[in-house]
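Each value in this text was obtained by applying a stated rule to the coordinates, not by laboratory testing. Please read all numbers here as calculations on a predicted model, not as lab measurements. Here the Cβ positions follow ideal geometry from the backbone for every residue, glycine too, while neighbour counts run over all protein chains shown.
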């Protein structure tokens, strides 16, 4: 399993295929595509809406199930799940933000409530006694992490499992948050005391045991993502300079200087590769793949600012480039395979951005035009040689 940093934030196949800069060989058989099959482009699948003007996609799992939010005919926003060409209203006025391998859906209602949808049953997660709950992750076992208000007015990190919300905030710290959870139930997060000048602490929690993380080469560590083998990526300071920090499961610490002071990690795959973005201000942003050997920048033919959004286990990255400032500028969804960029087709829409890429290369995202957005999936198109397996079946929808 890889982990992604969550920011709590009638299907028609459009036969629009753009060639890649160079046809790329699939990088691993575990990606669900034979290594002898080459991806030659993508086509756009419009997931439609629940009867309203707009929709947006937030996540996709390896079964090709997509979640997000859509306007209904009354104009309200409802959480949805899309599977095999069918868009389903989950029956809650909110946004679905994550879906695991079992099809369980994590979502939010406004900025104060969270829910877990499983096999048609919607469960409200509740709080730690206060008036709100934020969520930041879901693993394949159905465990949820986040932060919640307490009866004392503090905000504590939690793990929700089997109907029970567990306070895992470090003692003595009134404010704590979780940032990621892996399939082993390991949670990473950080805690601060707003009334104290002492720096924040980073922590890791598993099965009731909480340990602090304070690598000497990465001061003021803010952990962001963790994978199943226990590799962790975050950011901090090395020799006084903003740096990416990779803590490997073997116990080594790798620091890589950041380009600029603005730093956003996106996700970390099972091989220890992280998709990250750093930069200065709102214009000069650079996406990169971070590993134990350093960082490799992800460029576009236009040379504009790029933002990384997600990386899958085979190492494919999705993100977008900007034709202006991050606020107000047009966005164009991209995919990088072995560092080679591909602009994803938009079929008449004017702006696009991805949310997640699964291990088969399907990319969930959103397109925009004339004030409306639609949830979409970019489906890889493959060619095969004689005698090799045929191209994978599409996710669903109707061919135009």
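Highest average first, the peptides 46-59, 236-249 ordered by how many other beta carbon atoms sit within 10 Å of their residues are 46-59, 236-249. Full extension of the segment from residue 141 to residue 284, taken as 0.36 nm per residue of separation minus the current Cα-Cα distance, would add 47.6 nm. Using C-alpha pairs under 8 Å with a sequence gap of at least 6, the mean separation divided by the residue count of the stretch 106-232 gives a relative contact order of 15 percent. In this rough spin-label picture, where each label sits 7 Å from Cα along the Cβ direction, the residue 72-residue 220 distance is 4.6 nm. Take every pair of alpha-carbon atoms less than 8 Å apart whose residues are at least six positions apart; their mean separation over the length of the stretch 48-142 yields a relative contact order of 19 percent. Per-residue extension of 0.36 nm, minus the Cα-Cα distance of residue 350 and residue 210, leaves a gain of 45.7 nm for this segment. The separation of the stretch 59-136 from the stretch 313-378, counted between C-alpha centres, amounts to 22 Å. Counting neighbouring Cβ atoms within 10 Å and putting the fewest first, the residues 132, 370, 173, 190 line up as 370, 132, 173, 190. The modelled label-to-label distance for the pair residue 123/residue 184, using points 7 Å beyond Cα in the direction of Cβ, is 2.4 nm. Here the stretch 48-171 carries DSSP beta bridges of which approximately 95% are antiparallel, counting only pairs with both residues inside. Would the stretch 165-225 count as rounded, prolate or oblate if I go by the C-alpha gyration tensor, calling it rounded below 1.5 in a/c and otherwise prolate when a/b exceeds b/c, oblate otherwise? Because a/c hits 1.5 or more and a/b fails to exceed b/c, the stretch 165-225 counts as oblate. Peptide packing: for 150-158, 350-358, the average count of neighbouring Cβ atoms within 10 Å per residue gives the ranking 350-358, 150-158, highest mean first. Given R0 = 35 Å, the distance between the Cβ atoms of residue 330 and residue 88 translates into a calculated FRET efficiency of 0.65.
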